[in-house]
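Quick notes on the structure that follows.
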């Protein structure tokens, strides 16, 4: 009985950590990121968006670690756990490629703009996609039963 309670407590703590990660860095749109940084000059806005992109990258890395940890503790047959881990690794690679291409497209919508303006579009895109992916990953594993 005590073992079941300890396992339940461990699961509750881990799942609450996953939920807390969502609230620390909720998914936002490019527009929201731009609005948050719009009080600065052009150079300051670019720096602000670079910071947002970096923060979103850290949130995504944490979400990826959380998913790996949850999959390792998933109460499922080993072959299914390994299959899910393999698919997760493939989805990480596909997401990175998608983000690169999508954000290059977003930057291209700046048309004849130069330098910082094009980069700001790319950075806002990176921040949005990373934060949405992090939220998506956390939501995917929140309800998995643990061993």
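Here, each number is a calculation from the coordinates, and none is a lab measurement. The structure displayed is predicted, hence computed values, not measured ones. Note that each Cβ is placed from the backbone with ideal geometry, even for glycine, and that neighbours are counted across all protein chains shown.
What the table shows:
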read-out: Rounded, prolate or oblate (a/c below 1.5 giving rounded, otherwise prolate when a/b exceeds b/c) for segment 42-124 by Cα gyration tensor; value: oblate
read-out: Residue exposure sequence - 67, 126 - by fewest surrounding Cβ within 10 Å; value: 67, 126
read-out: Residue 119/residue 94 FRET efficiency (R0 22 Å; Cβ-Cβ; nearest 0.05); value: 0.35
